[in-house]
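Peer 1: Supplied in structure tokens, the structure appears directly below.
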Amino acid sequence: MPRVLVVDDDSELRATIKEVMESEGLITDSAENAEKGLMLLKDNIYDIVLLDVIMPKMNGIDAIPLFLNTQAKSKIIIMTAYSTVDTAVEAMKKGAADYLTKPFKINELMITIMRILEEQKFKDCAEELDIDCALSTMANPIRRQIIHLIDQNKTLRFMEITRALGISDHTKVNFHLKVLKESDYIIQNSEKIYRITDKGDKILSCLSVIEQNLSS
């Protein structure tokens, strides 16, 4: 489950964001300044850090490299009431993934967070898979249908797959099943039952991100 850290000296805003994040199923911690946020980063893994710019002691811009040195994979979203091009450029140069201008709408915040989480999910998939080969294999709509069908049903036999596809040409279905098996996305056991492999689960995660981005 994704984990979020909110670092802001405004206690009311921290509480509001924490409540919204948790209602969306995101584990959320908060800190009132960069120093306390850094301590939490040393003890916990965070996917997203929401970081205010203007805070007592250390400001958010200066905190970015310290946060990333502690957790390089955390994605930092800067929150600022003084949005200027210079502030945005400086934040991005130091490693921020995005920034929001206060006051922002909660819906805007959630869209930004979910987009960054989906982008990271795709990058994680790409690091583990030969993404060019995977996308080439899954470019065929019948193969995408097959792998989604098996995933939804957990296990399927050949005739169950052909009926669900509505394809009477068994040779064609066999060909696409063979491609998926050779790519190690599905396997067939001794009882002729197909199921998704761990590698198949990963390619499904990548496909999910791509399909969501195409439909948005």
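Read-outs: derived from the displayed coordinates by stated rules, not from any lab. Because the structure is a prediction, the values reported are computed rather than measured.
Peer 1: Amide H to amide H under 5 Å from Leu26: which residues, 5+ apart in sequence or cross-chain, H placed 1.01 Å off N in plane?
Peer 2: When sequence neighbours closer than 5 places are left aside, there are no close amide H contacts.
Peer 1: When all C-alpha to C-alpha distances in segment 1-129 are sorted into bins of 5 Å, what percent of pairs does each bin hold, rounded to whole numbers?
Peer 2: Each 5 Å bin holds this share of Cα pairs: 2, 11, 23, 26, 22, 12, 4, 1, 0.
Peer 1: Return the label of the correct value of volume of the Cα convex hull per residue in Å³, as calculated from the structure shown, out of (i) 147; (ii) 200; (iii) 128.
Peer 2: The calculated read-out lines up with (i).
Peer 1: Could you work out the relative contact order of the chain, using alpha carbon pairs under 8 angstrom and six or more residues apart, expressed as a whole percent?
Peer 2: It rounds to 14 percent for the chain.
Peer 1: Then there's this: So who's got an amide H within less than 5 Å of the one on Ala31, skipping anything under 5 residues away but keeping other chains? H placed 1.01 Å off N, in plane.
Peer 2: Amide H neighbours of Ala31, under 5 Å, 5+ apart: Val6, Val7, Asp8.
Peer 1: Using every alpha carbon pair in segment 131-214, what percent of pairs falls into each 5 Å bin from 0 up to the bin containing the largest distance?
Peer 2: Spelled out per bin, shortest first, that is 3, 14, 29, 27, 16, 8, 2, 0.
Peer 1: Please list, in chain and number order, the residues 5+ apart from Met79 or on another chain whose amide H is under 5 Å from its amide H, with Hs placed from the backbone.
Peer 2: Long-range HN contacts for Met79: Leu51, Asp52, Val53, Leu100.
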